[in-house]
Amino acid sequence: MLKVIIALISGILFGAGMIISAMVDPTKVIAFLNVTGNWDPSLAFVMGGALAVFTPCYHLLIKKRSHALNGDKFSWTSNTKIDRTLLSGAAIFGAGWGLAGFCPGPAMASIGGGSTTIFIFIISMLIGIVLAKQYLQGRLPFIGRRKKGCAV
Amino acid sequence: MENFTPWSALAGGALLGLSASLLMLFSGKVAGISGIIGGLLAPQKGEFTWRLAFAVGMVGSLFLLKPFSIDLPDLVSQPSVYIILAGLLVGFGTRLGNGCTSGHGIIGLGRFSKRSIAATSVFMIVAALVVLLRQQFGVL
């Protein structure tokens with residue numbers, strides 16, 4: 001039960017962070033990515049702020065532990081290989097992110113606004129996720145089989 | 001640079017870092033949003049409820065911020081075909097690449113993971129290239 005409450009609180013903090021930092025504003029995202037134009041570096045500060053908190057927490061508090069506080073194992077992957085699947089996935093994601101300025105976190109945090117655009121984006125994203133799973137399991141026609149992926 | 005907002009960006013970013021630290025320290029989970037959404041679509045035993053709670057919290061945060069006059073921005077309208085294409089690419093790419101701006105860009109980078117450093121560099125560069133093509137050369 002506590003695990004669910006912690007997840008709920010983390011979700012609230014995450015959503016609030018997305019909204020307060022303006023990651024939910026695609027115009028702002030595009031302005032950050034528009035390096036050669038009228039560049040707005042604000043979103044680099046979002047990542048900076050997040051890393052300024054998470055990096056010391058991870059290296060000083062989490063890394064030395066064998067288990068999380070509730071006794072569960074840590075769920076990061078032991079995979080360290082930089083393979084073609086990882087890089088092509090990142091490139092495809094980058095193309096979509098640059099196209100509309102939405103990534104999964106901000107889209108989720110924006111659902112409550114009731115915008116049709118967000119709704120269309122999320123439905124398309126869910127379809128993309130399902131297609132990727134089919135692809136990774138070798139179930140899409142026309143594309144060859146790939147080995148299964150794992151968590152970050 | 002007229003819309004430069006470093007302080008709210010830092011404050012919001014710090015909340016993201018706090019969220020990721022809390023979730024990992026307490027229950028060992030990665031606050032990667034694409035992974036959480038993907039996990040909701042393909043439920044595994046013991047991994048569904050916390051993901052649902054996280055998603056509910058994310059969606060609910062807006063309603064907790066509204067009393068403080070913090071709201072979502074007005075969206076500039078874009079053709080639906082771009083939104084659909086973008087959604088498909090984001091969904092497909094994040095599952096193939098095992099993460100997005102949160103999982104790779106915050107948790108992975110914070111852990112100094114080589115995979116995440118590579119993935120973050122690639123999606124940043126490709127996204128900037130797409131914006132360059134659209135804004136500077138009017139392609140797409």
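The values are calculated or read from the model by the stated rules, or taken from the named source; none is laboratory data. Predicted model, so just to flag it, every value in this text is computed and none were measured. Backbone-built Cβ (ideal geometry, glycine too); neighbour counts: all protein chains shown. Surface accessibility is based on the protein's heavy atoms, side chains included, excluding ligands, DNA and RNA. Shrake-Rupley method; radii C 1.70, N 1.55, O 1.52, S 1.80 Å.
List of remarks:
- Kyte-Doolittle mean at least 0.5 and Cα axial length at least 15 Å: DSSP H helices in chain B: B:6-27, B:49-65, B:80-96, B:114-135
- The average projected area of chain B, computed from the convex hull of its Cα atoms over all directions, is 10.7 nm².
- Counting Cβ atoms of other protein chains within 10 Å of each Cβ in A:24-34 and taking the mean gives 6.
- Principal axis extents of the Cα atoms in region A:23-152, from largest to smallest and rounded to whole angstrom, are 44, 44, 33.
- Placing +1 on the Cβ of every Lys and Arg and -1 on the Cβ of every Asp and Glu, with nothing else charged, gives the protein assembly as shown a dipole about its Cα centre of roughly 1440 debye.
- A simple spin-label model places the labels of A:Leu60 and B:Ile125 3.4 nm from each other, with each point 7 Å out along Cα-to-Cβ.
- Under a model in which nothing but the beta-carbon of Lys, Arg (+1) and Asp, Glu (-1) is charged, region A:1-75 shows a dipole of about 440 debye around its Cα centre.
- Counting heavy atoms of the protein chains alone, B:Lys66 has an accessible area of about 90 Å² for a 1.4 Å probe.
- Residues in the protein assembly as shown average 44 Å² of solvent-accessible surface per residue, probe 1.4 Å, ligands and nucleic acids excluded.
- Buried accessible area, chains B and A (both chains, 1.4 Å probe, Å² to nearest 100): 9700 Å²
- About its Cα centre, region A:79-152 has a charge dipole of approximately 480 debye under the convention of +1 per Lys or Arg Cβ and -1 per Asp or Glu Cβ, with nothing else charged.
- Comparing A:Thr117, A:Thr85, A:Gly138 along the charge dipole axis of region A:79-152, the residue lying farthest to the positive side is A:Gly138, per the Cβ-charge model.
- Given a 1.4 Å probe and the protein chains as shown, A:Leu99 ends up with an accessible area of around 10 Å².
- Largest-first principal axis extents of the Cα set of the protein assembly as shown (Å): 53, 51, 32
- Model label sites at A:Val4 and A:Ser88, defined 7 Å from Cα along the beta-carbon direction, differ in position by 4.0 nm.
- Percent of alpha-carbon pairs separated by more than 16 Å within region A:79-152: 58 percent
- Modelled FRET efficiency - R0 41 Å, A:Lys81 with A:Ile123, Cβ distances, 0.05 increments: 0.80
- The fraction of accessible area contributed by carbon and sulfur in the protein assembly as shown is 68 percent, rounded to a whole number (1.4 Å probe; ligands and nucleic acids excluded).
- Counting only protein chain heavy atoms and rolling a 1.4 Å probe, the accessible areas of A:Trp39, B:Trp50, A:Trp76 rank, largest first, as A:Trp39, A:Trp76, B:Trp50.
- Axial C-alpha extent at least 18 Å, average Kyte-Doolittle at least 0.5 - helices from chain A (DSSP): A:2-20, A:42-56, A:84-100, A:116-136
- Accessible surface for A:Asp40 stands near 10 Å², nearest 10, in the context of the full protein assembly shown (1.4 Å probe).
- Our summary gives region A:79-152 a relative contact order of 13 percent, counting only alpha carbon pairs under 8 angstrom and 6 or more residues apart.
- Each of A:Ala44 and B:Val76 was given a label point 7 Å from its Cα along the Cα-to-Cβ line. The distance between the two points is 2.1 nm.
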